[in-house]
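Enquirer: Structure incoming, see below.
The values are calculated or read from the model by the stated rules, or taken from the named source; none is laboratory data. Given the structure is predicted, the values throughout are model-derived calculations rather than measurements. Cβ atoms come from the backbone with ideal geometry, glycine included; neighbour counts cover every protein chain shown.
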Amino acid sequence: MNRITTLLRSTLKHPYLRLAFLILLAACSSSESMGTDTGTGNDADISVETLTLERLFPTNDNPGKSYAGCMFASPILYDDGSGPLLLIFEGGGTIAGLDLETGDEVWSFLVPAPTGEDPFGLATPLILDDLMVLTYHTTPTPEGEEPGSNSHTVMDHRIRHRVVVVDLITRDLHPDFPLIDLATSVPDSAGTGMVEFQARYALGRSAIVHGKEEGDDLGRAYITFGNGRDIQPWHGWAFEIDLDAWRAGGSEAAVSATFCTTPESDCGQTNVSGSKSRLCGGGLWAPSGPLVIQDEANYSLLLAPGNGQLDLNRQDYANTLIKTGPGLDFDPGCDPDLCSDFDPDAPSLSCIQSCSNLFIPRLLPGQSRPDPADGRCEGMTLFECWGLLDFIGGSTPVYIALQNGINVLAYPTKDGHIYLVDADHLGTMYDRHKMVEQCGVPGDQCIWYWAGMSVTQPTLTNVGDEPVVLVPTFMGDNTHPAGIVGLRIVIENDTPRFAPFWTYPDFATSEAVDRFRRHPSRLQLHSHGASETEVGWVVETARPGKKATLHAIRVSDGKKLVSAKMKGPGFRYTMPLIHDDVVYLNTCGNDSGPSYIEAYRISAP
């Protein structure tokens, strides 16, 4: 140590070396610039595309804008002709346009609610040219408080669900689209009554999606609902909003169709969780929203109901994928003879393979049902175990057109697997691939079986001529690895299959057991500057009061290009936004807020 000290003192006597040392010290001590954290690799492994990050906001000198509510919705880029802005919709009901360099609020608008009610926003809005279509709930305003200044959680009492259109030029409600309070009912499965859409038992966290038929001007928007903590009576509800009819005929013409995934009148005891009861359910709650497959003249819509009751004879479609389209007309397309004696606990393979518009997950030969460490599924069938663990749903599939003419869906589920399904005949399943192990082992129990191990939408890209899907996973124990799973889709004997590509972190390392213990963000792709190197950006979220980690991963081989601590804990499910080599990310202090946007400039040495 004395020799090092002596060498350092003699070095600093030289004026040029002393200046270089001070510059280096200043760079290393800066809290606003984050360099490469190579983790299990080293600089030689990373290549010249290694990235660095500079925090734009919030910093001590540049705090940006914070909001009382959590920012459940992903940020959106919008340009009204005067320059791009960052659009946000925060939980307290404020829509705002933020400056991309400073995070300052350029304009804001509080969505309307009746006297005594607060707006509460969750779903990512839909942007169509200069129109913003958005949906939100209202909740009671706390006594003595002003609307829009309060924070709410998904368990707050919900009074109504609204749909409005905001003119992004005038930054006000668009007069051609009078606001809608959603309401509907459908005949129940028994044919003896009606199932009502009840605002109190519906929660809309899914992004609004959009489809157009030939001849449409604006087309149709789709808004979907589940319920917080699966409180009964809860169902999966979908509303089709015909934007052209809304503009021409007012609010009474706006809702062109509705659909209920489990049209049951008897959902058991009211105001208790039904997540494990397999009654009703089938919530449409995937934060990324339904999947729209659009061609030039038409589109199909894929709904992904979560846990609940599955019984084709009662039109109950929990734990499935549903293919429908304009008008939300649905026929599962199952052979009536093969499915006449449908067993919800163990449906026959011949029945579920016959269904053209309904995918029912199942095991491949040689695969076994989940086996929790505490033995709670012992003696159960696959569907009984899934119901007990709440292990299906919450994710959105991605559509892939393969070179051999087969169209497929890659669909991850909470049980840590991903399914490869024929997109044209949903009864055909090509593969079921395990991405991560079952959470929990003896002595290290899973802390949240209900959360599963994957809630996301895969990110699709190509490496060479092969399609690749990138799937964020997470783990509720301290034993099993988790992180980003990269899978190639290969064709063997004319049959598509998943093939392992890479994992990040490398699942053979301790880093993969230390990281991704909570729901991460979704993964966004970006190529920095003029580089053709495609990079995946994902937030490893942290618990309240801790700092999230922002990761950049080279898609071609899964190598880390940068890993840096954020200012706050980030937020699950949301999609990072990248524009002009700047990445924008949500942060929520906790599920009720406060929230703000973090921004980091990407650069390469």
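Enquirer: Suppose we filter region 159-200 for residues that are part of a loop (DSSP other than H, G, I, E, B) and farther than 26 Å from Val111 by Cα; how many remain?
Expert: Kept after step one, since they are part of a loop (DSSP other than H, G, I, E, B), are these residues of region 159-200: 159, 168-171, 174-179, 182-184, 188-193, 197-198.
Filter once more, keeping what is farther than 26 Å from Val111 by Cα: 188-193.
Counting residues in region 159-200 that are part of a loop (DSSP other than H, G, I, E, B) and farther than 26 Å from Val111 by Cα gives 6.
Enquirer: For Arg376, indicate whether it is of a type in the set (Lys, Arg), over 28 Å from Trp502 (Cα atoms) and surrounded by fewer than 17 Cβ atoms within 10 Å (Cβ to Cβ). Talk me through it step by step, then tell me what you get.
Expert: Details: of a type in the set (Lys, Arg): yes; over 28 Å from Trp502 (Cα atoms): yes; surrounded by fewer than 17 Cβ atoms within 10 Å (Cβ to Cβ): yes.
Yes.
Enquirer: On to the next question. Within region 214-225, does at least one residue satisfy the condition of being under 20 Å from Gly121 (Cα atoms), touching a Gly at 6+ places or on another chain (Cβ under 7 Å) and of a type outside the set (S, T, N, Q)?
Expert: The answer is yes, given that some residue of region 214-225 is under 20 Å from Gly121 (Cα atoms), touching a Gly at 6+ places or on another chain (Cβ under 7 Å) and of a type outside the set (S, T, N, Q).
Enquirer: On to the next question. Quick check on region 183-192: of everything there that is of a type outside the set (Ser, Thr, Tyr), surrounded by fewer than 16 Cβ atoms within 10 Å (Cβ to Cβ) and modelled with pLDDT of 95 or more, which residue is nearest to Ser256 (Cα to Cα)? Break it down into steps so the answer makes sense when it comes.
Expert: First, the residues of region 183-192 that are of a type outside the set (Ser, Thr, Tyr): 183, 186-188, 190-191.
Filter once more, so that each one left must be surrounded by fewer than 16 Cβ atoms within 10 Å (Cβ to Cβ): 183, 187, 190-191.
The next check asks that each one be modelled with pLDDT of 95 or more; those that pass are 183, 187.
Values: Ala183: 12, Pro187: 17 Å.
Per the stated criteria, the residue is Ala183.
Enquirer: Name the single residue, out of those in region 63-111 being touching a His at 6+ places or on another chain (Cβ under 8 Å) and in a loop (DSSP other than H, G, I, E, B), that is surrounded by the fewest Cβ atoms within 10 Å (Cβ to Cβ).
Expert: Leu100
Enquirer: I would also like to ask the following. Filtering region 485-504 down to residues that are touching a strand residue (DSSP E or B) at 6+ places or on another chain (Cβ under 8 Å) and more than 13 Å from Ile418 (Cα to Cα), which residue is surrounded by the most Cβ atoms within 10 Å (Cβ to Cβ)?
Expert: Going through region 485-504, the residues touching a strand residue (DSSP E or B) at 6+ places or on another chain (Cβ under 8 Å) turn out to be 485-491, 495-504.
Narrowing the set further to residues that are more than 13 Å from Ile418 (Cα to Cα) leaves 490-491, 495-496, 501-504.
On the way: Val490: 14, Ile491: 14, Thr495: 12, Pro496: 21, Phe501: 20, Trp502: 21, Thr503: 21, Tyr504: 27.
Once the filter is applied, the top-ranked residue is Tyr504.
Enquirer: Let me ask something else about it. Within region 388-423, work out how many residues are touching a residue at least 24 places away in the same chain (Cβ under 8 Å) and either basic (Lys, Arg) or more than 26 Å from Gly281 (Cα to Cα) (or both).
Expert: 7
Enquirer: Out of the residues in region 336-368 that are outside any loop (DSSP other than H, G, I, E, B) and touching a Leu at 6+ places or on another chain (Cβ under 6 Å), which is surrounded by the most Cβ atoms within 10 Å (Cβ to Cβ)? Let's see the steps before the verdict.
Expert: Here is the first cut: in region 336-368, the ones outside any loop (DSSP other than H, G, I, E, B) are 349-354, 358-359.
Now drop any that are not touching a Leu at 6+ places or on another chain (Cβ under 6 Å), which leaves 350-351, 354, 358-359.
Details: Ser350: 12, Cys351: 21, Ser354: 19, Leu358: 21, Phe359: 28.
Going through the qualifying residues, I end up with Phe359.
Enquirer: Could you tell me how many of the residues in region 509-542 are farther than 19 Å from Pro458 by Cα, outside the structural domain of Thr459 (by TED's automatic domain parsing) and of a type in the set (Ser, Thr, Tyr)?
Expert: 2
Results for (1) in contact with a helix residue (DSSP H, G or I) (Cβ under 7 Å, 6 or more places away or on another chain); (2) over 30 Å from Asn313 (Cβ atoms), shown as yes or no for each residue.
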| residue | (1), (2) |
| --- | --- |
| His157 | yes, yes |
| His161 | yes, yes |
| Asp172 | no, yes |
| Pro175 | no, yes |
| Phe197 | no, no |
| Arg205 | no, yes |
| Glu213 | yes, yes |
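Enquirer: Also, quick follow-up: Is there any pair linking a residue in region 70-97 that is without any contact (Cβ under 8 Å) to a residue 40 or more places away in the chain to one that is among the polar types (S, T, N, Q), with Cβ under 7 Å and at least six apart or on different chains, and which?
Expert: Ala96/Ser108
Enquirer: Give Asp580, Asp477 a once-over and let me know the one that is more than 21 Å from Gly452 (Cβ to Cβ) and of a type in the set (Asp, Glu). Outline the logic, then answer.
Expert: Working: Asp477 fails: more than 21 Å from Gly452 (Cβ to Cβ).
Answer to the check: Asp580.
Enquirer: Could you please give the count of residues in region 405-438 that are out of contact with any strand residue (DSSP E or B) (no Cβ under 8 Å at 6 or more places or on another chain) and more than 16 Å from Val471 (Cβ to Cβ)?
Expert: Going through region 405-438, the residues out of contact with any strand residue (DSSP E or B) (no Cβ under 8 Å at 6 or more places or on another chain) turn out to be 405, 414-415, 425, 437-438.
Still in the running and more than 16 Å from Val471 (Cβ to Cβ): 405, 425, 438.
The total comes to 3.
Enquirer: Also, I was wondering about something else. Every residue in region 229-247 that is surrounded by fewer than 21 Cβ atoms within 10 Å (Cβ to Cβ) and either at pLDDT below 95 or within 17 Å of Val163 (Cβ to Cβ) (or both), please.
Expert: Across region 229-247, the qualifying residues are Arg229, Asp244, Ala245, Arg247.
Let's see how each residue does on (1) free of Cβ contacts under 8 Å to residues at least 24 places away in the same chain; (2) outside any loop (DSSP other than H, G, I, E, B); (3) on the phi < 0 side of the Ramachandran plot:
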| site | (1), (2), (3) |
| --- | --- |
| Thr503 | no, yes, yes |
| Asp506 | no, no, yes |
| Phe516 | no, no, no |
| Glu532 | yes, no, yes |
| Ile553 | no, yes, yes |
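Enquirer: Of the conditions (1) part of a loop (DSSP other than H, G, I, E, B); (2) surrounded by fewer than 19 Cβ atoms within 10 Å (Cβ to Cβ), Tyr399 fails just one. Which one is it?
Expert: (1)
Enquirer: Quick check on region 402-424: of everything there that is of a type outside the set (A, V, I, L, M) and closer than 19 Å to Pro290 by Cβ, which residue is surrounded by the most Cβ atoms within 10 Å (Cβ to Cβ)? Give the derivation first.
Expert: Of the residues in region 402-424, the ones of a type outside the set (A, V, I, L, M) are 403-405, 407, 411-417, 419, 422, 424.
Those left that are additionally closer than 19 Å to Pro290 by Cβ: 407, 411-414, 419, 422, 424.
On the way: Asn407: 15, Tyr411: 25, Pro412: 29, Thr413: 26, Lys414: 22, Tyr419: 22, Asp422: 17, Asp424: 14.
My answer is Pro412.
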